[in-house]
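Below is one structure, written out as C-alpha cells, with a few remarks after it.
The values are calculated or read from the model by the stated rules, or taken from the named source; none is laboratory data. As the structure is a prediction and not an experimental result, all values here were calculated from the model. Here the Cβ positions follow ideal geometry from the backbone for every residue, glycine too, while neighbour counts run over all protein chains shown. Keep in mind that these areas ignore ligands, DNA and RNA; they rest on the heavy atoms of the full protein, side chains included. Shrake-Rupley method; radii C 1.70, N 1.55, O 1.52, S 1.80 Å.
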Amino acid sequence: MNHSVEKLLKMNEHHSGQYADLGVERQIYRAQHPTEIGVMKCMDGRLHLPVMTETALGIIQPWRNLGGKFNLGWPHFQDTVVEWADYAFNRGRHCVVFATYHFARGFEGENAEKVLHRGCKGYGYDTELAKKESLELKEQFDRVFNNDGLYAIHAGIETDLEALILHGDNGETVDLANVTATSDAEIEGMLRKLYTKIPSIVIRDLIPVIAGNIRHIEKIRAAKRPTIDTEHKEWVLALGRGFDWLHEINTALIVGPFDPDLEGAVATAAGLLKGNINDGRIKAEDGLVLLVSAPYRDSAGYKKRKAEEKAKYLSSLAYKVISEKVPEIIPHLSVVTATCDMNTRKLNLLN
C-alpha cells in the first residue's frame, strides 16, 4: 500500500472513530433541534460546514459538485433531495438547505491576484457569477417547495476566515466575520430580520449553527494561520458520496455523482490536481489518489450490494476519463474503490 493511500485510510479510521464517539451528542442535538439541514457546495475540500459551525458530524447533510453548481432538474440530484426531504417530513421535521458559493477575502497587504486564486476554481475565480448562480439555485428551491416544509438560504463561504456570509430575503447581507452578537436572543433577532418567511421553530434550530460559526471564526483569527494553509494543495479526487469524514484542509476535491456531465466534472477535478503539481503546491512523487465511494445504510438487504456495483462503475468511469483527458497524472495515481457504511462512516474497500 503506498503512502498516500495509507494516509487516507488512516484518516478515515480516525474520523470514523470520532463519528462513533459523537453518537450521544448527535442524539441530544437532534432532540433539541430537529430541523434537517443540508448544504449545496463546491467540491473544494476546504468547505466543511460541520467544522466551520462546530456541529457534530452527521447533522449537516452535504451535496457537492464542481463550483457548487446544481439544478433541481437533474434527475439523480432531485431524487436524493426529495428522498432526504420526505424522510424529514414523514417524521414531522422541517428542512433548510444552504445554496452556497465561496471565495477568499484576503489579508492586509496581500496581492489581489494571489487572493483571487484561493477562491473557486470551479467558476474560474468569478465570484460574482458563482453568487448569481447559487442565488438561482436558492430561488429554484423556493419555486419547487414553495416554503412548504423546506426553506432555502443563499450563503457565501469565505475560506480565509471560514466565515458564512448570509444573504437575507430582504436584500440585506450579513458577514458573520463582522458579527459580535453571541447570545441566542441576538442571533435569533438577526435571523428573523433576514428570513421573515422561515418559521420560528426553524429559526431557533439555526441558532447553534450560526453561533458555532461565530465562535469558529474567532478561533481561526486567533490561530493566525499562514496564508499558504488556505491555498489549493489537494492530492485526492474523491468521487461519489459518503465523504463527510473527509474534511482535512488541502486534501480532497470531492465530486458528487449528480451532474449529468459527470465526465466533465471528473476531468476538471483531475485537471486541478495536475495544476497543483505543475504549480509546485504538491509533489508528484508523493502520489495522488482517486477515491470512489458509494454509501449505504442497510447491510442486511440488497442495498449494500447495489452500492458496491455503483462504486465499481464510477471507479471505472473516472479512471477512463482521467486516462483520456488528463493522462499526465496516471503514473502518480492510485485508485481506491469502496463503499461507505453511513452508520459508522467507515470505508469498506473493494479493491
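Data table
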| read-out | value |
| --- | --- |
| Qualifying residues in region 93-131 (those that are of a type in the set (Gly, Ala, Ser) and at pLDDT 95 or above) - the one farthest from TRP63 (Cα to Cα) | ALA130 |
| Members of region 188-242 that are open to solvent by 10 Å² or more (accessible area, probe 1.4 Å), among the hydroxyl-bearing types (Ser, Thr, Tyr) and assigned to a helix (DSSP H, G or I) | SER200, THR227 |
| Some residue of region 244-252 being of a type in the set (Phe, Trp, Tyr), assigned to a loop (DSSP other than H, G, I, E, B), open to solvent by 10 Å² or more (accessible area, probe 1.4 Å) and touching a strand residue (DSSP E or B) at 6+ places or on another chain (Cβ under 9 Å) | no |
| Qualifying position, being aliphatic (A, V, I, L, M), more than 23 Å from SER16 (Cα to Cα) and in contact with a helix residue (DSSP H, G or I) (Cβ under 7 Å, 6 or more places away or on another chain), among VAL255, VAL289, VAL321 | VAL321 |
| Residues (under 14 Å from GLY156 (Cβ atoms) and either more than 19 Å from the chain's Cα centre (by Cα) or charged (D, E, K, R) (or both)) located in region 119-128 | ASP126, GLU128 |
| Region 277-296 - residue that is among the small types (Gly, Ala, Ser) and open to solvent by less than 10 Å² (accessible area, probe 1.4 Å) and, of those, nearest to HIS232 (Cα to Cα) | SER293 |
| Extreme residue, most open to solvent (accessible area, probe 1.4 Å), among residues of region 1-43 that are within 24 Å of ALA85 (Cβ to Cβ), part of a helix (DSSP H, G or I) and touching a residue at least 24 places away in the same chain (Cβ under 8 Å) | ARG30 |
| All positions within region 279-312 that are part of a strand (DSSP E or B), within 13 Å of CYS340 (Cα to Cα) and not β-branched (Val, Ile, Thr) | LEU291, SER293, ALA294, PRO295, TYR296 |
| Residues satisfying the stated conditions in region 177-187, i.e. surrounded by fewer than 16 Cβ atoms within 10 Å (Cβ to Cβ) and assigned to a helix (DSSP H, G or I) | ASN178, ASP184, ALA185, GLU186 |
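So that you can scan it fast, the table gives a plain yes or no per residue for (1) more than 23 Å from GLU234 (Cβ to Cβ); (2) hydrophobic (A, V, I, L, M, F, W, C):
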| site | (1), (2) |
| --- | --- |
| GLN27 | yes, no |
| VAL39 | no, yes |
| CYS42 | no, yes |
| LEU47 | no, yes |
| PRO50 | no, no |
| LEU57 | no, yes |
| PRO62 | no, no |
| LEU66 | no, yes |
| LEU72 | yes, yes |
